[in-house]
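Chemist: This structure is in structure tokens; I'll ask about it shortly.
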Amino acid sequence: MVVRRISLLGATGSIGLSTLDVVRRHPERFTVHALTANTRADEMAVLCREFRPQVAVMACPEAAKTLAALLADVPDIQVLGGEESLCEVASAPEADTVMAAIVGAAGLSPTLAAVRAGKRVLLANKEALVMSGKLFMDAVAASGAELLPIDSEHNAIFQCMPADKVRDPEGAGITRILLTASGGPFREFSAERLRSVTPAQACAHPNWSMGQKISVDSATLMNKGLELIEACWLFNTTPRNVEVHVHPESIIHSMVEYADGSVLAQMGSPDMRTPIANGLAWPERIDAGVAPLDLFAIGRFHFERPDLVRFPCLRLAAEAFEAGGTAPAVLNAANEVAVAAFLAGDLCFADIPVIIERTLAAIAVEPANSFDIIFARDAEARIRAREQIGLLTV
Ligand code: NAD
Ligand code: MG
């Protein structure tokens, strides 16, 4: 049994808490070097008291002061603030495993720091890979980091592939990846009805309990769009070889088709602790606390094609991947701004893809030669997306 020392980026989030639940079940196997969060010092203090990390980082410096005060009686936990400290704990020699579970572009720098330091990187933060694609994968190859997918679909695909041929689909005899999607809470809504859905409805996912941003992404199908791009980078393929199947039961987490006609699927209850435990313990298998699958209770599986007319985000993501260069970073940034505006009540749900499409049209695609270019286009896309939202709402 390998004892793993973990830095957990995004400890207070949905993936962070699920990770800690798996860690809690295996005290002999896992120790926590660092926990990080953004602003929620109270919740972080509770986690620090239970898991006793050596370091606790709040991205927001003000929140770091609050946390330090809350933990004044626990001097053995060092409390730090700011983005640089996130990168420090992600690359610290005291940790061998980094769970990248910050939401959005904010996760790119710390995730990259973990990659460059050659860690076992458990990738939940799909936006980091979507934004920087080839540069990210090149950094993985250069450092020898062990990149394990935590997104349930990608973890499923990973489990259905020979471990030594994850980046060599041809060599493995793989013909297609069948990426499953729940379809989200509005799968059966008309285009008209989609105009009036609320943030609360969008965040109430039928099968998964997740953070707000990914819940909205699931409802627009942008989550599947981001996952399509993620799959292309992780498994060295193109959108032509990835087919999205809406599977409302969310039991088959994705499938891999082989040249001999075999299709391998990974199934399980929709609970992120399964892929998290798989990544933490890989190649071993450990108890994740997940209820066994009851196929008799589920009874039937259904499959549909995604509707790209009502849910254009999936099309926009595929187009951005094909356009290449900085386009996926622009897509991601525009989506983050549009989703935040929707959650704040400043944008209608059906206008999320409109903002993304207009932002993509406003910014010329450039080769993504450096992380500086990626960050510059990310910043520009946020400005353009906010302008577009302003134009729509006056
Ligand atoms: P969440 O909103 O529940 O949690 C986000 C975490 O990131 C929190 O700990 C928060 O403190 C931290 N954070 C937010 N902004 C930050 C910033 N600017 N700087 C530093 N830290 C910041 O999100 P989540 O649902 O746990 O998702 C996390 C990531 O995992 C996302 O990229 C998401 O797409 C991916 N993911 C989530 C699920 C799921 O079931 N929740 C499934 C697959 C993939
Ligand atoms: Mg997923």
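Read-outs: derived from the displayed coordinates by stated rules, not from any lab. Only a predicted model underlies this, so the values are computations on that prediction, with no experimental measurement involved. Note: ideal-geometry Cβ built from the backbone for every residue, glycine included; neighbour counts use all protein chains shown.
Chemist: For the stretch 259-340, give me every one of the helices (runs of 4 or more DSSP H) that falls completely inside it and has 1 or more residues that are within 20 Å of the chain's Cα centre (by Cα).
Modeler: Numbers: elements: 273-281, 295-298, 313-323.
Passing ranges, in order: 273-281, 313-323.
Chemist: So which helices (runs of 4 or more DSSP H) are wholly in the stretch 137-223 and hold at least 3 residues that are under 28 Å from Ser269 (Cα atoms) and within 16 Å of ligand 1 (Cβ to nearest atom)?
Modeler: Values: elements: 152-159, 169-172, 191-194, 199-203, 212-220.
In the stretch 137-223, the matching helices (runs of 4 or more DSSP H) lie at 152-159, 199-203, 212-220.
Chemist: Let me ask you something else. Any chance the stretch 35-58 includes a residue that's touching a residue at least 60 places away in the same chain (Cβ under 8 Å), part of a strand (DSSP E or B) and of a type outside the set (Lys, Arg)?
Modeler: Checking the stretch 35-58: at least one residue is touching a residue at least 60 places away in the same chain (Cβ under 8 Å), part of a strand (DSSP E or B) and of a type outside the set (Lys, Arg).
Per-residue answers, yes or no, for (1) touching a strand residue (DSSP E or B) at 6+ places or on another chain (Cβ under 8 Å); (2) crowded, with 18+ Cβ neighbours inside 10 Å; (3) in a helix (DSSP H, G or I):
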| residue | (1), (2), (3) |
| --- | --- |
| Lys65 | yes, no, yes |
| Glu84 | no, no, yes |
| Ala95 | yes, yes, no |
| Thr111 | yes, yes, yes |
| Leu129 | yes, yes, yes |
| Gly133 | no, yes, yes |
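Chemist: Continuing with this model, one more query. Could you go through the stretch 14-22 and let me know if any residue there is within 20 Å of Lys126 (Cβ to Cβ) and free of Cβ contacts under 8 Å to residues at least 12 places away in the same chain.
Modeler: yes
Chemist: Does Val89 satisfy the criteria of being touching a Lys or Arg at 6+ places or on another chain (Cβ under 6 Å) and in contact (Cβ under 8 Å) with a residue 60 or more places away in the chain? Before the answer, list the steps.
Modeler: Values: touching a Lys or Arg at 6+ places or on another chain (Cβ under 6 Å): no; in contact (Cβ under 8 Å) with a residue 60 or more places away in the chain: yes.
It is false that Val89 is touching a Lys or Arg at 6+ places or on another chain (Cβ under 6 Å) and in contact (Cβ under 8 Å) with a residue 60 or more places away in the chain.
Chemist: Give Asn236, Asn223, Asn241, Asn207 a once-over and let me know the one that is surrounded by fewer than 21 Cβ atoms within 10 Å (Cβ to Cβ) and within 16 Å of ligand 2 (Cβ to nearest atom).
Modeler: Only one candidate passes the filter, namely Asn207.
Chemist: Can we say Ser254 is part of a loop (DSSP other than H, G, I, E, B), within 14 Å of ligand 2 (Cβ to nearest atom) and either on the phi > 0 side of the Ramachandran plot or of a type in the set (Asp, Glu) (or both)?
Modeler: no
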